[in-house]
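J.: Before we start, here is the structure in question, set down as structure tokens.
The values are calculated or read from the model by the stated rules, or taken from the named source; none is laboratory data. Here the structure is a predicted model, which means the values were calculated and not measured. Methodologically, a virtual Cβ is constructed for each residue, glycine included, from the backbone with ideal geometry; neighbour enumeration extends over all protein chains shown. The protein model used for the area step is the full one, side chains on, heavy atoms only, and it has no ligands, DNA or RNA in it. Shrake-Rupley method; radii C 1.70, N 1.55, O 1.52, S 1.80 Å.
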Amino acid sequence: MSDFNKDFLFGVATASYQVEGAYNEDGRSMSIWDTFCRQDGKVYKGHNGDVACDHYHLYKDDVKMMKDLGIEAYRFSIAWPRIFPEKGHYNPKGIDFYKRLTDELLKNDIKPFVTIYHWDLPQWADDLGGWLNREVVDWFGEYVSKLFNELGGYIRNWITLNEPWCSSFLSYFIGEHAPGHKDLGEAVLVSHNLLLAHGKAVEIFRDINSSDSKIGITLNLNEVFPATDSPEDKAAARIADGFQNRWFLDPIFKGEYPKDMLELFGKYAKTDFITDGDLKRISQKLDFLGVNYYTRAVVKKGNDGILNAEQIDVDNEKTEMGWEVYPESLYNILMRLKNEYTFDLPLYITENGAAYKDVVSDDGHVHDEKRVEFLKKHFKQAKRFIDDGGNLRGYFVWSLMDNFEWAHGYSKRFGIVYVDYETEKRILKDSALWYKNLISTRTI
Ligand SMILES: OC[C@H]1NNC[C@@H](O)[C@@H]1O
């Protein structure tokens, strides 16, 4: 058994579109996800975020629930369509919600960690090209300037983007997420504009915020294993690692895109998307890196004619998402970051958790043993990293409560708190009680 020190932050995470609801309240305009949900066949049973967990109205109860659990930090995202419902049109009512939420958190000694962009791009921006249009960097700059000026005095920890891999490759190449395009060249351009927007936000942040405020980015990273020791499978694993991890880590921390991926993507990229000064903007010094970890990948040589790397099914324990439970890769990813990219830069696990088939038992409780075991194994790997000299500052469990799981709608439950969507009633799962005990003892 070993202890997490007193400064380590035990948190939980959510995101605006997944929990808030109030999709058209107080001036909020449509986002690309409101649009995507309304397209046939895109989201499980046509679910959408119109109401979600109604966090917009129930946030005080949710903050009290966090307080009662001893939660020390809450990672949430701000909905850009609340702040700028139209191009150039600022909506003070939108900011007011986040001031109320932040005020409630601070009153309860819970540190706010804010994700500036967690995928709900305003539809007006997408109508003008969205992340495909380099002008989005300026629209993002206007958005973040308003956030820093209005909330910078209360919020000390800022995350520019959540998982740019999802906002680019999952959304513009694989097509599973909004806006649902399937064009690798577009996805490459989008990934670059996302990173430029990230860099723009850091520049503005450095101009506006005091030094005791911190800014970083959150990347979803995995560890890639070759299915066999064959040269073909090893080569496929290298490409898959470039596609998922190095394409973002290298420009941010090394100031250059990985050459192998640049060569591969170069065949598809629509335009010569990198201009002078871009990489300097993208690779500015950060105060921390957020890591979202869920599972590893095992790949073999594929024949899709593009990446030629195909993930294989592994005969091992899986979550309800079909993701292999592989805690060791959390440690391995953190050690790789420490040794190759971030060195002594503070790291946060900004998301880790699992979906399981949760049901309310006759006793009125949700006995989610598998989630308790999942979290226990992963917290142990996090502690192992700290014991081996890693500068891990905190851990945000995904998620505080069951919520809208994107293309899966409400069919996947990641929360440590169960949500009855008919009544919006919250029920603490056993994992919430386990977490409460971990936080109070600080011992894993
Ligand atoms: O799939 C689980 C989570 N992964 N990271 C981003 C979040 O928005 C997802 O719900």
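J.: May I ask you to derive the relative contact order of the chain, considering only C-alpha pairs under 8 Å and at least 6 residues apart, and to give it as an integer percent? List each step's numbers first, then the result.
T.: Working: 906 pairs, mean separation 79.4, N = 444.
Result for the chain is 18 percent.
J.: I've got another one for you. Can you give the accessible area of Trp131 in Å² (nearest 10), computed on protein heavy atoms with a 1.4 Å probe?
T.: Probe radius 1.4 Å; accessible area of Trp131 about 0 Å².
J.: For the chain, what is the mean residue ellipticity at 222 nm derived from helices alone (per DSSP H run of n ≥ 4: -39500 (n - 2.57); sum divided by total residues; nearest 500 deg cm²/dmol)?
T.: -11000 deg cm²/dmol
J.: Report Ile208's accessible area, 1.4 Å probe, all protein chains in place, as a number in Å² to the nearest 10.
T.: Accessible area of Ile208: about 70 Å².
J.: Hey, got a sec? Which trypsin sites (Lys or Arg not before Pro) in region 231-270 land in a DSSP loop and have at most 12 other Cβ atoms within 10 Å?
T.: Counting only loop positions with at most 12 other Cβ atoms within 10 Å, the trypsin sites (Lys or Arg not before Pro) in region 231-270 are Lys267, Lys270.
J.: Can you give the accessible area of His367, probe radius 1.4 Å, in Å² rounded to 10?
T.: Number for this one is 70 Å².
J.: In whole Å, what three semi-axes, largest first, describe the equivalent ellipsoid of region 68-133 built from its Cα gyration tensor (square root of 5 times each eigenvalue)?
T.: Square roots of five times the eigenvalues give 29, 14, 6 Å.
J.: If you don't mind, another one. Filter the DSSP H helices in the chain by two things, a Kyte-Doolittle mean of at least -1.0 and an axial alpha-carbon span of 24 angstrom or more, and list the hits by number.
T.: Correct list, ordered by number: 184-208.
J.: Hey, another quick one. Going by Cα centres, region 291-330 and region 52-122 are how many Å apart?
T.: Using only Cα atoms, the two centres lie 33 Å from each other.
J.: Using the reciprocal of the averaged 1/r over all distinct C-alpha pairs, how large is the Kirkwood radius of region 387-444 in Å?
T.: Computed over Cα pairs of region 387-444, the Kirkwood hydrodynamic radius comes out at 13.2 Å.
J.: Please give the Cα centre distance for region 391-441 versus region 201-278, rounded to the nearest Å.
T.: Taking the Cα centre of each part, region 391-441 and region 201-278 sit 30 Å apart.
J.: Mind telling me which of Thr423, Thr319, Thr228 comes out most flexible in a GNM of the chain, alpha-carbon contacts under 10 Å?
T.: Answer for the Gaussian network model of the chain: Thr423.
J.: For region 251-306, rounded, prolate or oblate, judged on the Cα gyration tensor with a ≥ b ≥ c (square roots of eigenvalues), a/c < 1.5 rounded, else prolate if a/b > b/c?
T.: Values: a/c = 3.07, a/b = 1.16, b/c = 2.66.
It is oblate, given that a/c is not under 1.5 and a/b is not larger than b/c.
J.: Compute the Kirkwood hydrodynamic radius of region 1-129, taking the inverse of the mean of 1/r over all pairs of distinct Cα atoms, and give it in Å to one decimal.
T.: Computed over region 1-129, the radius equals 15.7 Å.
J.: Another question, then. Among His89, His177, His118, which one shows the highest mean-square fluctuation when the chain is modelled as a Gaussian network with alpha-carbon springs under 10 Å?
T.: Most flexible of the set in this elastic network: His89.
J.: I would also like to ask the following. How do the peptides 120-126, 359-365 rank, highest first, by the average count of neighbouring beta carbon atoms within 10 Å per residue?
T.: On the way: 120-126: 22.4, 359-365: 9.3.
So the peptides 120-126, 359-365, ranked by packing, come out 120-126, 359-365.
J.: Among Asp241, Asp34, Asp260, which one shows the highest mean-square fluctuation when the chain is modelled as a Gaussian network with alpha-carbon springs under 10 Å?
T.: Among Asp241, Asp34, Asp260, the largest GNM mean-square fluctuation belongs to Asp260.
J.: Taking Cα pairs under 8 Å and at least six residues apart, what relative contact order does region 100-174 come out at, in percent?
T.: Working: 40 pairs, mean separation 38.0, N = 75.
Once divided by the residue count of region 100-174, the mean separation gives 51 percent.
J.: In bins 10 Å wide, starting from 0, what share of all Cα pairs of the chain does each bin hold, as a percent?
T.: Result, from short to long distances: 4, 22, 34, 29, 11, 1, 0 percent.
J.: Over all directions, what mean area does the Cα convex hull of region 157-307 project, stated in square nanometres? It would help to have the intermediate numbers written out before the result.
T.: Numbers: hull surface 37.9 nm².
For region 157-307, averaging the hull's shadow over all directions gives 9.5 nm².
J.: Got a number for carbon plus sulfur as a percent of the chain's accessible area, 1.4 Å probe?
T.: The nonpolar share, carbon plus sulfur, comes to 48 percent.
J.: Which residues does a label at Glu203 reach in region 123-156, if reach means a backbone N under 15 Å from a point 7 Å past the Cα toward the Cβ?
T.: From region 123-156, the list is 134-145.
J.: Label points 7 Å out from Cα along the Cβ direction at Thr423 and Asp315: separation in nm?
T.: Simple spin-label model gives 4.4 nm for this pair.
J.: What is the sum of charges, Lys and Arg at +1 and Asp and Glu at -1, for the other residues whose Cβ falls under 10 Å from the Cβ of Lys270? Kindly include the intermediate steps, with their values, before the conclusion.
T.: Details: positive: none; negative: Asp183, Glu186, Asp272.
Residues close to Lys270 contribute a combined charge of -3.
J.: When ligands, DNA and RNA are left out and all protein chains stay put, how many square angstrom of accessible area per residue does region 206-306 have with a 1.4 Å probe?
T.: Normalised by residue count, the accessible surface of region 206-306 is 46 Å².
J.: Of all DSSP beta bridges located in the chain, what percent are antiparallel, nearest 5?
T.: 20 percent
J.: First obtain the Kirkwood hydrodynamic radius of region 265-392 from its Cα pairs, then insert it into the Stokes-Einstein equation at 25 °C and 0.890 mPa s, and state the resulting D in µm² per second as a whole number.
T.: 137 µm²/s
J.: A follow-up question, please. Identify the trypsin sites (Lys or Arg not before Pro) of region 44-74 meeting these criteria: DSSP loop state and at most 11 other C-beta atoms within 10 Å of the C-beta.
T.: Sparse-neighbourhood loop trypsin sites (Lys or Arg not before Pro): none present.
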